[in-house]
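**Q** Take a look at this one; I'll ask things after.
The values are calculated or read from the model by the stated rules, or taken from the named source; none is laboratory data. No experiment lies behind these values; they were computed from the predicted model shown. Counting neighbours? That spans all protein chains shown, and the Cβs are built from the backbone with ideal geometry, glycine included. The protein model used for the area step is the full one, side chains on, heavy atoms only, and it has no ligands, DNA or RNA in it. Shrake-Rupley method; radii C 1.70, N 1.55, O 1.52, S 1.80 Å.
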Number of protein chains: 2
Amino acid sequence: MSHLPAIGFIGLGIMGKPMARNLLKAGFSLSVSSRSKEKMDELAREGAHPCHDYSELVGRSEVIITMLPDYQEVRDVVLGPRGIRPYLRPGMIVIDMSSIDPTVSIEISKQLAERSVHFLDAPVSGGEQGAIDGSLAIMIGGDADPVQKCMPIFEALGKNIVHVGPVGAGGFTKLANQIIVALNIAAVGEAFVLAQKAGLDVQKVYEAIRGGLAGSRVLDAKAPKLFQRDFKPGFRIELHRKDLKNAMEAAKNLQIALPLTASLQQYLTALCNQGEGSLDHGGIVRFFERLNGIEIGKKV
Amino acid sequence: MSHLPAIGFIGLGIMGKPMARNLLKAGFSLSVSSRSKEKMDELAREGAHPCHDYSELVGRSEVIITMLPDYQEVRDVVLGPRGIRPYLRPGMIVIDMSSIDPTVSIEISKQLAERSVHFLDAPVSGGEQGAIDGSLAIMIGGDADPVQKCMPIFEALGKNIVHVGPVGAGGFTKLANQIIVALNIAAVGEAFVLAQKAGLDVQKVYEAIRGGLAGSRVLDAKAPKLFQRDFKPGFRIELHRKDLKNAMEAAKNLQIALPLTASLQQYLTALCNQGEGSLDHGGIVRFFERLNGIEIGKKV
């Protein structure tokens, strides 16, 4: 593949659509498939080839990219009875860029290897804005050769591109990332619940601590919005809940105990049941606010 | 006090001694008192006046600074039967720079106010190196007037100096800071236990995530040392345990629930009982390693 490989893109959601658009802009021949005729038409107007079945999509492509909600959808699309598998040709590459349980990625990879099809797991971080700007962080798991061949694709989609290890390594890295982000947001929640309840000016507390060891991307990105009560997504709590669910699935498969992540996953479930799942994940602090009947930033 | 106030300094430990030294260098008249004759002699050679009783120390001073292990020592020294209280004169200022339960600071402040003595709580962050370099972050609680008068003192000791609010505000801010730092270290611990157990190259995981929303001072300060198995303190786990104990004391007094901090405080107690209390607090990850019988960074 010294030329740009022809790509088939499956899953034109909040992330997938702008990613597909960036591939078109970079000059890739792109076939698309989505349950939504509207989204297919939209991308067709920008130069994509809309496909109404997977036979056509796979037939036109050398690389298939999936960007789907969770592992069930990925497994269905790749391995399911109405999925792409029957149409895949030896030497093709399937890249799943969804955020799923990496043990499922490893399982899919093994099944595709039986048909001499390469599989990469390449989840991303950076959210909708990163997808639009083509500035996603991309964490890749898979064999060196297909990773190398797909580098022009990754470069059209993101900035910080790291080949972490074999299949599954991308997903495990994403889970590690999401554990840290969720716990860092929760830490901000508990710290500022204490400060608020103690009657402090939380803005001054933020100024006093942000330059020290407590400083973080999460603190700077989420605390000012928290004080303004701005929880507009961004990345939704219900999606972060899914990531922590997948982290605990992976932990179960690896037989390890992650007690804080396990607790936090329960708290996010509670928060979703309390109707807060569509808030930005900075709203994870709402769990600690509700628990204590207070609002951070409210004048006392 | 347009001149530099004469200072009495009580508590010449790991933090107190270099702080006292920086006050001498800045030109303050300094009287010192310590249980250790050796430390008193050392500072006497550098120009401090060694005092063998609090009557003399207080008599020579306009401002008293305490830098002690925990609230028991602060309460003893300030209010106890053999403490400084009988010698304090109206208008004097007592600054406690220890890290203690701020509800105790508020109690001490009230008792001193009855004798027209001002009290400030001004805990610091930045560790031994910050104390030596005079680059501590200082979080101050107290009335504006004595805070203003003591600003030359704070400026000789630190860089990021924030007057957060009334007495107790310094301590609550420090507790909020320590909650965030401890939970951020724990987050790194759980994330990298997952990555290690999944067989990943943890250095590559670190490179893949440090530039994104998972990025933090803690991640950059502690992860590389973790991979090198370097837990030389720095700030000891047993001291961070004390801070979380004080955070939970404060939470109890404020009647709030901080479930993750409560769990982590228990984990740090366990870690200290397992003989790891004298490690750097980056070693909080050891709890999650021991829990799962693995070492992060070990080749697998």
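**Q** If I ask for residues that are hydrophobic (A, V, I, L, M, F, W, C) and in contact with a strand residue (DSSP E or B) (Cβ under 8 Å, 6 or more places away or on another chain), which ones from the range A:1-21 would you list?
**A** Hits for the range A:1-21 are A:Ala6, A:Ile7, A:Phe9, A:Ile10, A:Leu12, A:Met15, A:Met19, A:Ala20.
**Q** Can you say whether A:Gly13 is among the small types (Gly, Ala, Ser) and modelled with pLDDT under 95, as far as the supplied structure shows?
**A** Yes; evaluated as a whole, the condition is true for this residue.
**Q** One residue is enough: does the range B:36-57 have a residue meeting the conditions open to solvent by 50 Å² or more (accessible area, probe 1.4 Å), of a type in the set (Gly, Ala, Ser) and not assigned by TED's automatic domain parsing to the domain that holds B:Asp243?
**A** yes
**Q** Still on this structure, I have one more. Output the number of the condition that B:Gly234 fails; it satisfies all remaining conditions of (1) at pLDDT below 95; (2) at negative phi.
**A** (2)
**Q** Moving to a separate point now. Within the range B:226-238, which residues are over 13 Å from the mean Cα position of the chain (by Cα), open to solvent by 10 Å² or more (accessible area, probe 1.4 Å) and under 12 Å from B:Leu279 (Cα atoms)?
**A** Result: B:Arg229, B:Asp230, B:Phe231, B:Lys232, B:Pro233.
**Q** Taking B:Ile185 as the residue in question, decide whether it is under 18 Å from A:Gly215 (Cβ atoms) and more than 7 Å from chain A (Cβ to nearest Cβ).
**A** When the stated conditions are applied, B:Ile185 passes them.
**Q** Restricting the first residue to the range A:140-154 and requiring it to be basic (Lys, Arg), which pairs with a second residue that is at pLDDT below 95 meet a Cβ separation below 6 Å and a spacing of at least six or different chains?
**A** Matching pairs, first to second residue: A:Lys149/A:Met1.
**Q** Let me ask something else. Go through the residues of the range B:214-221 one by one and say whether even a single one is surrounded by 24 or more Cβ atoms within 10 Å (Cβ to Cβ), in contact with a Gly (Cβ under 9 Å, 6 or more places away or on another chain) and of a type in the set (Gly, Ala, Ser).
**A** yes
**Q** Shifting gears a bit: Applying the selection to the range B:56-74, what residues are under 18 Å from B:Ala20 (Cα atoms) and either in a strand (DSSP E or B) or touching a helix residue (DSSP H, G or I) at 6+ places or on another chain (Cβ under 6 Å) (or both)?
**A** Passing the criteria: B:Val58, B:Val63, B:Ile64, B:Ile65, B:Thr66, B:Met67, B:Leu68.
**Q** For the range A:164-186, state whether one or more residues are open to solvent by 50 Å² or more (accessible area, probe 1.4 Å), in a helix (DSSP H, G or I), in the same structural domain as A:Tyr267 (by TED's automatic domain parsing) and farther than 30 Å from A:Ile95 by Cα.
**A** no
**Q** Looking only at the range A:239-284, which residues are out of contact with any Phe, Trp or Tyr (no Cβ under 8 Å at 6 or more places or on another chain), open to solvent by less than 10 Å² (accessible area, probe 1.4 Å), of a type outside the set (S, T, N, Q) and assigned to a helix (DSSP H, G or I)?
**A** A:His240, A:Asp243, A:Leu244, A:Ala247, A:Ala251, A:Leu260, A:Leu264
**Q** Can you run down the residue pairs with Cβ atoms below 8 Å, 6 or more apart or on separate chains, where the first is in the range B:113-125 and away from chain A (no Cβ under 14 Å) and the partner is modelled with pLDDT under 95?
**A** Correct list of pairs: empty, since none qualify.
**Q** Condition check: touching a helix residue (DSSP H, G or I) at 6+ places or on another chain (Cβ under 9 Å), more than 25 Å from B:Lys149 (Cα to Cα) and assigned to a helix (DSSP H, G or I). Does B:Lys17 satisfy that?
**A** no
**Q** Consider only pairs whose beta carbons are under 6 Å apart and that are at least six residues apart or on different chains; among these, list those whose first residue lies in the range B:168-185 and is under 12 Å from B:Ala250 (Cβ atoms) and whose second residue is small (Gly, Ala, Ser) and open to solvent by 10 Å² or more (accessible area, probe 1.4 Å).
**A** B:Phe172/A:Ala198; B:Lys174/B:Ser99
**Q** Test B:Gly80 against the criterion of being surrounded by 13 or more Cβ atoms within 10 Å (Cβ to Cβ) and more than 24 Å from B:Pro152 (Cα to Cα), and give yes or no.
**A** The answer is yes for B:Gly80.
**Q** Name the residues in the range B:285-299 that are in a loop (DSSP other than H, G, I, E, B) and either surrounded by 15 or more Cβ atoms within 10 Å (Cβ to Cβ) or in contact (Cβ under 8 Å) with a residue 12 or more places away in the chain (or both), would you?
**A** Result: B:Ile294, B:Glu295, B:Ile296, B:Gly297, B:Lys298.
**Q** What number of residues within the range B:145-167 are at the interface with chain A (Cβ under 7 Å from one of its Cβ atoms) and touching a Gly at 6+ places or on another chain (Cβ under 8 Å)?
**A** Final tally of qualifying residues: 3.
**Q** Of everything in the range B:203-218 that's assigned to a helix (DSSP H, G or I) and at the interface with another protein chain (Cβ under 7 Å from one of its Cβ atoms), which residue is nearest to A:Leu260 (Cα to Cα)?
**A** Applying the filter and picking the extreme gives B:Val218.
**Q** Which numbered condition trips up A:Leu200, out of (1) in a loop (DSSP other than H, G, I, E, B); (2) touching a Phe, Trp or Tyr at 6+ places or on another chain (Cβ under 7 Å); (3) open to solvent by 30 Å² or more (accessible area, probe 1.4 Å)?
**A** (3)
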